[in-house]
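Please read the structure below before turning to the comments.
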Amino acid sequence: MRVISQRYPDIRIEGENYLPQPIYRHIASFLSVFKLVLIGLIIVGKDPFAFFGMQAPSIWQWGQENKVYACMMVFFLSNMIENQCMSTGAFEITLNDVPVWSKLESGHLPSMQQLVQILDSEMKLNVHMESMPRHRS
């Protein structure tokens, strides 16, 4: 960003998130709520399996004996899955609302040299297009 701002002071640089598919957003939202409920049940010591008439599995009993560690494990593992669901890996570059680079299409990020070359060629093309005479009808 700094290199581009120095080389092209008139370019405005904005960043925004590229939303993942709705199913992944819903999974991440569900996990977020489920994580908090599960941590609450661990802290309170309430056995949710008894509500369904089931015997608590050994991992639940272990969690009740090691509440702090179990809460941390639930928190970090669910956050890891939530972040994976919300991550698209998108890196898109547009100039004057025209796409000039897409990581989703190319599969990789542009090098700084590629980025400067892309912007140079797009800027020259824009200057050339603006200097062309316009025909009126």
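The values are calculated or read from the model by the stated rules, or taken from the named source; none is laboratory data. Bear in mind the structure is a predicted one, so any value in this text is a computation, not a measurement. Virtual Cβ from ideal backbone geometry, glycine too; neighbours counted across all protein chains shown. Each accessible area value is taken on the protein alone, full model and side chains, heavy atoms only, with ligands, DNA and RNA left out. Shrake-Rupley method; radii C 1.70, N 1.55, O 1.52, S 1.80 Å.
Descriptive notes on the structure:
- Among the conditions (1) at pLDDT below 80; (2) more than 18 Å from Glu14 (Cβ to Cβ); (3) surrounded by 12 or more Cβ atoms within 10 Å (Cβ to Cβ), Ser131 misses just one, which is (3).
Residue by residue, here is whether (1) closer than 30 Å to Val116 by Cβ; (2) open to solvent by less than 40 Å² (accessible area, probe 1.4 Å) holds:
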residue: Val3; (1), (2): yes, no
residue: Arg12; (1), (2): yes, no
residue: Ala28; (1), (2): no, yes
residue: Val33; (1), (2): no, no
residue: Pro48; (1), (2): no, yes
residue: Gln61; (1), (2): no, no
residue: Val100; (1), (2): yes, yes
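The rows are residues; the columns are (1) part of a loop (DSSP other than H, G, I, E, B); (2) closer than 27 Å to Gln84 by Cβ; (3) among the hydroxyl-bearing types (Ser, Thr, Tyr).
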residue: Pro9; (1), (2), (3): yes, no, no
residue: Glu14; (1), (2), (3): yes, yes, no
residue: Leu19; (1), (2), (3): yes, yes, no
residue: Tyr24; (1), (2), (3): no, yes, yes
residue: Phe30; (1), (2), (3): no, yes, no
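- Residue tally, condition closer than 30 Å to Leu19 by Cβ and hydroxyl-bearing (Ser, Thr, Tyr), over the stretch 29-82: 3
- Applying the criterion of being open to solvent by 80 Å² or more (accessible area, probe 1.4 Å) and assigned to a loop (DSSP other than H, G, I, E, B) to the residues of the stretch 72-98, the residue that is farthest from Lys124 (Cα to Cα) is Phe91.
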